[in-house]
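In what follows, a single structure is set out as structure tokens and then discussed.
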Amino acid sequence: MYLYVIRLARRVVGLIGFALVAILVAFSLFIHLAPLTGHPLFIIAGGSMEPSIPLGSLVIATPIDVKTIGIGDVVTIRADNGIVITHRVDRVVDIPEGRFFELKGDANRDVDASLVPARAIIGAAEQFVPYAGYGQIFLSSLPGLIATASALGTLILVYLFLAVLERPVRTVPGRAGTPTSP
């Protein structure tokens with residue numbers, strides 16, 4: 001029974017370690033490859049789009065022709081001051097200076113203070129991964145990398161310790177009762 005529990009624990013720890021590595025690799029590939037395919041990623045740092053897009057979500061901006069943007073579409077823009085905002089289009093305004101958009105966060109009572117020119121549109125925010133922005137921030141920091149490496153290292157050490165415990169103890173021939181391991 002003792003060996004069965006040790007063997008089961010080692011397999012569980014191995015599966016957890018494998019799953020953690022697989023998740024980290026998949027997440028890292030997603031974070032690094034999405035922008036290369038023309039889909040920049042942005043972290044929602046404010047609650048203006050809740051509950052539609054939760055705080056900490058990772059928004060995937062899809063390039064879009066500004067002529068096709070309509071009321072109700074969610075877009076990501078880069079304001080003149082460099083801040084990136086994701087809001088819903090409340091109104092499309094065509095004036096001699098060009099096309100402009102009036103935006104509003106779903107959680108905001110009022111529309112944004114100024115119209116946004118079409119040149120500020122980065123893309124449509126049709127897809128997002130809830131709370132994945134927190135993971136990106138965590139893994140992009142030194143403490144996050146250290147914590148992740150420590151967790152993986154701990155899993156490896158526990159796995160190896162359980163593997164040692166699982167090995168059977170044999171006695172030395174000619175010396176009854178003297179245990180040894182192979």
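Taking square-rooted eigenvalues a ≥ b ≥ c of the alpha carbon gyration tensor, is the stretch 1-41 rounded, prolate or oblate, where a/c under 1.5 means rounded and, failing that, a/b exceeding b/c means prolate? Prolate shape, in that a/c is at least 1.5 and a/b is the bigger ratio. With r defined as the distance between the Cβ atoms of Glu102 and His39 and R0 fixed at 35 Å, what FRET efficiency is calculated, to the nearest 0.05? The pair Glu102/His39 has a calculated efficiency of 0.85.
With 0.36 nm allotted per residue and the present C-alpha distance subtracted, the Ile31-Ile156 stretch has 42.4 nm of extension available. Its Cα gyration tensor gives the chain an equivalent ellipsoid. The semi-axes, each the square root of 5 times an eigenvalue, are 57, 14, 12 Å from largest down. Principal-axis analysis of the Cα atoms of the chain puts helix 2-33 at an angle of about 30° to the longest axis.
Here the Karplus relation 6.51 cos²θ - 1.76 cosθ + 1.60, evaluated at θ = phi - 60°, turns the backbone of the stretch 148-163 into coupling constants of 5, 5, 5, 5, 5, x, 5, 4, 5, 5, 5, 4, 5, 4, 5, 5 Hz, with x for every Gly and Pro. Placing dummy labels 7 Å off each Cα toward the beta-carbon, the span from Met1 to Ser52 is 5.9 nm.
The residue list Leu36, Ala22, Pro130 was ranked by how far each Cα lies along the charge dipole of the chain toward its positive end, using unit charges on Cβ atoms, and Ala22 comes out on top. Near His87, the amide H atoms lying under 5 Å from its own belong to Val75, Ile77; only residues 5 or more places off or on other chains count, and H is placed 1.01 Å from N. Hey, if you drop one equal point scatterer on each alpha-carbon of the stretch 21-87 and run the Debye formula without solvent, what base-10 log of I(q)/I(0) do you get at q = 0.14 Å⁻¹? At q = 0.14 Å⁻¹ the computed log10 ratios are -0.51. Taking max minus min of the alpha-carbon positions on each principal axis, the stretch 38-131 gives extents of 41, 33, 24 Å, largest first.
Here, each number is a calculation from the coordinates, and none is a lab measurement. What you are looking at is a predicted structure, and each value in this text was computed from that prediction instead of being measured. Counting neighbours? That spans all protein chains shown, and the Cβs are built from the backbone with ideal geometry, glycine included.
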